[in-house]
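I have placed the structure first, in the form of structure tokens, so that the comments after it can refer back to it.
The values are calculated or read from the model by the stated rules, or taken from the named source; none is laboratory data. In this text, all values refer to a predicted model and were calculated from it rather than measured experimentally. Neighbour counts are summed over all protein chains in view; Cβ atoms, including those assigned to glycine, are modelled from backbone coordinates with ideal geometry.
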Amino acid sequence: MSGPSSRSPAAAPPVLATLLPIVAVVLIAFLVIGLAMPVLPLHVHQDLGLGTFVVGLVSGAQFSASLLSRFWSGRYADSRGARRAVVAGLLVAAAAGLLYLLSLRFVGTPVTSVTILLLGRAVLGGAESFIVTGALGWGLALLGPRNTGKVMAWVGTAMYVAFAVGAPVGTALYASQGFAAIAYATTLIPLVTLLLVVPLRPVAPSPHARPSFTRVVGAVWVPGLGLALSSVGFGAITTFIVLLFAQHGWGQA
């Protein structure tokens, strides 16, 4: 007797072919983060003339907002659908680019400019949560829990490829056109990415019991703490290494 449980492994959907459109969306969407990573410290320190503490605030604002918005984005993806979460994230990311552009109108008053820039970074952090949470939920809905590791690995690979490609491209854009080029790219790239998302098949959210917040935290706090501690050095290096290069006169940081 055959049934769903007796389906052969060959009948399972191919992982990479199924995930490829979602991975492409994450790769292109996260370019906006990669573009700004080596540029923001220079813009804040050299263009606006503000100190390293403010550089740290601007760089960290996105990641703080991403952390705080994770619970909201996860709830939204579970209840409204993963594709809708990705679309919402892309639209919010474009709004962050508009705030970047607005901050450039106040370069003559650095405190006002950096305040708007901080808001843009926080908005982009929320967008990041919706995009990556929606992408992960979408991939898991298509491929099932048996492929959880593969879905996370491919989405994570797309993110870091975007960082790796975006950093030198962002540096080149900043060197030739200034921070305005980064702001325009942050606005336009998410809107272009929407063209990839619209044709993709949505996956309806499935009803399921929702565990309590304390139960979830109790299950993940140990590996989560380890991951957080391992990321401290990464955050510090990516924020300030560009200023070190600039201080020593090394090009293309």
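For segment 146-166, indicate whether the set of residues that are touching a helix residue (DSSP H, G or I) at 6+ places or on another chain (Cβ under 7 Å), free of Cβ contacts under 8 Å to residues at least 40 places away in the same chain and not charged (D, E, K, R) is non-empty. Within segment 146-166 (the criterion being touching a helix residue (DSSP H, G or I) at 6+ places or on another chain (Cβ under 7 Å), free of Cβ contacts under 8 Å to residues at least 40 places away in the same chain and not charged (D, E, K, R)), the answer is yes, since at least one residue qualifies. For segment 139-157, the criterion of being surrounded by 20 or more Cβ atoms within 10 Å (Cβ to Cβ) and within 30 Å of residue 45 (Cα to Cα) is satisfied by no residue at all. Just one of the listed residues (129, 113) is buried (at least 24 other Cβ atoms within 10 Å of the Cβ) and either in contact with a strand residue (DSSP E or B) (Cβ under 7 Å, 6 or more places away or on another chain) or under 30 Å from residue 45 (Cα atoms) (or both), and it is 129.
Applying the set (1) hydroxyl-bearing (Ser, Thr, Tyr); (2) at pLDDT 80 or above; (3) surrounded by fewer than 10 Cβ atoms within 10 Å (Cβ to Cβ) to residue 160 leaves exactly one unmet item: (3).
Among residues of segment 204-230 that are surrounded by fewer than 10 Cβ atoms within 10 Å (Cβ to Cβ), none has a Cβ under 9 angstrom from a residue that is at pLDDT below 75 and among the hydrophobic types (A, V, I, L, M, F, W, C) at a sequence gap of 6+ or on a separate chain. Within segment 36-50, not a single residue is more than 27 Å from residue 250 (Cβ to Cβ) and over 19 Å from the mean Cα position of the chain (by Cα). Within segment 112-134, residues that are over 21 Å from residue 76 (Cβ atoms) have Cβ atoms under 7 Å from residues that are outside any helix (DSSP H, G or I) and among the hydrophobic types (A, V, I, L, M, F, W, C) in these pairs: 112/106; 113/48; 113/106; 113/107; 114/48; 114/50; 116/106, counting only partners at least 6 apart in sequence or on another chain. Of everything in segment 69-86, what is surrounded by fewer than 22 Cβ atoms within 10 Å (Cβ to Cβ) and of a type outside the set (Lys, Arg)? Give them in sequence order. Listed by number, the residues that qualify are 71, 72, 74, 78, 79, 81. Any residue at all in segment 55-67 that is free of Cβ contacts under 8 Å to residues at least 60 places away in the same chain, over 16 Å from the mean Cα position of the chain (by Cα) and in a helix (DSSP H, G or I)? No, there is no match, as no residue in segment 55-67 is free of Cβ contacts under 8 Å to residues at least 60 places away in the same chain, over 16 Å from the mean Cα position of the chain (by Cα) and in a helix (DSSP H, G or I). Is segment 90-109 home to any residue that is in contact with a Leu (Cβ under 7 Å, 6 or more places away or on another chain), more than 23 Å from residue 55 (Cα to Cα) and assigned to a helix (DSSP H, G or I)? Within segment 90-109 (the criterion being in contact with a Leu (Cβ under 7 Å, 6 or more places away or on another chain), more than 23 Å from residue 55 (Cα to Cα) and assigned to a helix (DSSP H, G or I)), the answer is yes, since at least one residue qualifies. Candidates in segment 48-68 are the residues that are buried (at least 16 other Cβ atoms within 10 Å of the Cβ) and hydroxyl-bearing (Ser, Thr, Tyr); of these, the one that is nearest to residue 105 (Cα to Cα) is 59. So for segment 172-185 (the condition being surrounded by fewer than 15 Cβ atoms within 10 Å (Cβ to Cβ), among the β-branched types (Val, Ile, Thr) and either part of a helix (DSSP H, G or I) or in contact with a strand residue (DSSP E or B) (Cβ under 6 Å, 6 or more places away or on another chain) (or both)), does at least one residue qualify? So far as segment 172-185 goes, no, none of its residues is surrounded by fewer than 15 Cβ atoms within 10 Å (Cβ to Cβ), among the β-branched types (Val, Ile, Thr) and either part of a helix (DSSP H, G or I) or in contact with a strand residue (DSSP E or B) (Cβ under 6 Å, 6 or more places away or on another chain) (or both).
Of all residues in segment 127-150, those satisfying the criterion of being among the hydrophobic types (A, V, I, L, M, F, W, C) and touching a Phe, Trp or Tyr at 6+ places or on another chain (Cβ under 9 Å) are 130, 131, 132.
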